[in-house]
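What follows is a set of notes on a single structure, which appears directly below.
The values are calculated or read from the model by the stated rules, or taken from the named source; none is laboratory data. The structure displayed is predicted, hence computed values, not measured ones. Reconstructed Cβ throughout: ideal geometry from the backbone, glycine too, with neighbour counts over all protein chains shown. Heads up: the accessible areas ignore ligands, DNA and RNA and are worked out on the full protein's heavy atoms, side chains in. Shrake-Rupley method; radii C 1.70, N 1.55, O 1.52, S 1.80 Å.
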Amino acid sequence: MTEQKTITAFYEQDHDRLDELFKTFQQLKRSDYPKAKDAFKEFKLGLQRHIVWEEDILFPLSEKETGIKEGGATSAMRTEHRQIGQHLDAIHQKVIDQNPDSAQEEQALLALLGSHNMKEERVLYPGIDRVTSAEVRETVFHDMKNIPEERYKLCCGQH
Ligand SMILES: [Fe+2]
């Protein structure tokens, strides 16, 4: 028997996991750089994967249900994803340079992620749970597993 989760529960949990990884990076970057760097790398890849899951699978589902693609909630979310990607790249550049002075870039990312994630958790995910059956959600989780790693490695700041 497979465990049936709602979209909201799964995606909220992934947001929390990513938040913890980023906190670890911030806490360790001046004391244990290799560990901080590992946490950042896992955070970055995890966040990119999360964004690809949303853009390739969740948003199209929501757009199909609402009939709104351009100018709707998902289109605003996609724009914010590009901005998140840019902040992520800015921190990544500092990490590549082994420069821990990235407080400004970190604040910019956290400020945007905070409001973005809240909108998704309060509006978008519950909306998708309301209009999908357990079978459809099963397909969503299945499709998420099948996205190749190369797809999310290339996400999300560059375009
Ligand atoms: Fe998102």
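State which residue is surrounded by the most Cβ atoms within 10 Å (Cβ to Cβ) when the search covers only the range 123-145 and only residues that are within 16 Å of the ligand (Cβ to nearest atom) and aliphatic (A, V, I, L, M). Looking at the filtered set, the residue picked out is I128. Taking F40, is it within 16 Å of the ligand (Cβ to nearest atom) and aromatic (F, W, Y)? Answer is no for this residue. Just one of E120, E150 is within 13 Å of the ligand (Cβ to nearest atom), within 18 Å of V52 (Cβ to Cβ) and acidic (D, E); which is it? The conditions single out E120. Taking the range 69-86 as the range and being more than 12 Å from the ligand (Cβ to nearest atom) and among the basic types (K, R) as the test, only K69 passes. Within the option set E120, E105, E63, being without any contact (Cβ under 8 Å) to a residue 12 or more places away in the chain, part of a helix (DSSP H, G or I) and open to solvent by less than 50 Å² (accessible area, probe 1.4 Å) holds for one residue only, E63.
Of all residues in the range 66-83, exactly one satisfies the criterion of being within 18 Å of L154 (Cβ to Cβ) and crowded, with 17+ Cβ neighbours inside 10 Å, namely H81. Restricting the range 24-60 to residues that are open to solvent by 20 Å² or more (accessible area, probe 1.4 Å) and β-branched (V, I, T), the residue that is farthest from E150 (Cα to Cα) is T24.
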